[in-house]
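The values are calculated or read from the model by the stated rules, or taken from the named source; none is laboratory data. Just so it is clear, the structure is predicted and the values come from calculations on it, not from any experiment. Quick reminder, even Gly has a Cβ in these numbers, built from the backbone with ideal geometry, and neighbours come from all protein chains shown. Ligands, DNA and RNA are stripped out before the accessible areas are found, and what is left, the full protein with its side chains, is counted by its heavy atoms. Shrake-Rupley method; radii C 1.70, N 1.55, O 1.52, S 1.80 Å.
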Amino acid sequence: MLDLSPTLIYPLAAFVGLCLGSFLNVVIARLPVMLMRGWRAEAREALELPEEHNEPFNLVTPRSICPACEAPIAWHDNIPVIGWLKRRGRCANCHARISPQYPLVELAGGALAFAVAVLFGATWQGVFILGACLALLAMAVIDLRTQLLPDSLTLPLLWAGLLYQLLFQPLMLESAVIGAMAGYLTLWSFYWAFKLITGKEGMGYGDFKLLAALGAWMGWQYLPLLLILSAGVGAVLGILIQLALPRLRGAPMPFGPYLALAGWIALLAGEPLMAVYGSFFLV
Ligand SMILES: [Zn+2]
């Protein structure tokens, strides 16, 4: 795409990633609220209740405010990571604590963009992969915070995966379509088997759609690896979290963040991993 030297591309990519991470923070904070509002409005309509009149609320309006005192946040306090560090994680107006989630998501965005730049260079393929990695980041944090995996993120990720194959690896298109279907069906089957045996719901439909999306990006051949990675990391982290924070024992654990983590690993280090995986399981 562009013929730039790595010394220029890498820091530039990291900077763009930090800024995109800052935008993801807005998506993470607002998308669940926007969905809730939409569902409330639909429910009121179905119940024939009068419409509620709310101030407009979307990804652009209103401006960012402090959740504690509602003071608007100045642009220079909104600079990725630096703004948070400068105020030592507190609101400039009321000194309420501001979650470290903000700088962490920004740093993750920067790190992902840096990794994609190193692995893919300044190519359109890299732009697509970065988009997928950032979408997974937003989904992971939204799922952690709200136990929701919005369709408005999982489904476009699936379509984008098919488009990616069509544009860059048309020979993979067949594996991608099978990957999307088999990904959905695998977790759907786990869900029903678990529900029939235990009477409990182990995961949500969002998880099926997320694995379907990853199947589209990676092809069906990667599904066992994605499941082993996400279930393995999920089991280890789940046990560690419950040991460290006993109050969380028995609390529902979202599966989306582990799928997202497996997705990053597969998108960024898929080929070497498949080689190792293949030598273990397919000899
Ligand atoms: Zn404040």
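Quick look at the numbers
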{"read-out": "Qualifying chymotrypsin sites (Phe, Trp or Tyr not before Pro) in region 96-132, DSSP loop, other Cβ atoms within 10 Å at most 12", "value": "none"}
{"read-out": "Descending semi-axes in Å of region 141-262, equivalent ellipsoid built from Cα gyration tensor", "value": "28, 15, 13"}
{"read-out": "Angstrom value of the Kirkwood radius, inverse mean 1/r, which spans all Cα pairs in region 69-172", "value": "16.0"}
{"read-out": "Furthest towards positive pole of dipole, Leu210, Leu240, Pro6, structure part the chain, Cβ charges", "value": "Leu240"}
{"read-out": "Solvent-free Debye scattering, log10 I(q)/I(0), computed from the Cα coordinates of region 1-122 at q = 0.16, 0.17 Å⁻¹", "value": "-0.85, -0.91"}
{"read-out": "Within region 59-126: Cβ-based charge dipole about Cα centre, in debye rounded to nearest 20 (Lys, Arg +1; Asp, Glu -1)", "value": "240"}
{"read-out": "Rh (Kirkwood; distinct C-alpha pairs) - region 208-279, Å", "value": "13.0"}
{"read-out": "Exposed-loop-free span, longest in the chain, where trypsin sites (Lys or Arg not before Pro) count as exposed if DSSP calls them loop and at most 11 other C-beta atoms lie within 10 Å", "value": "89-199"}
{"read-out": "Inter-centroid distance (Cα atoms) of region 72-137 relative to region 255-279, Å", "value": "23"}
{"read-out": "Net charge over other residues, Cβ less than 14 angstrom from the Cβ of Ala182 (K, R count +1; D, E count -1)", "value": "0"}
{"read-out": "Within the chain: Cβ-based charge dipole about Cα centre, in debye rounded to nearest 20 (Lys, Arg +1; Asp, Glu -1)", "value": "920"}
{"read-out": "Cα extents of the chain along the three principal axes, largest first (Å)", "value": "62, 57, 42"}
{"read-out": "Of all accessible heavy-atom area on region 186-279, the percent that carbon and sulfur account for (1.4 Å)", "value": "74"}
{"read-out": "Whole-percent carbon and sulfur share, accessible surface of region 1-122, 1.4 Å", "value": "65"}
{"read-out": "Accessible area per residue, Å², the chain with all protein chains present, probe 1.4 Å", "value": "57"}
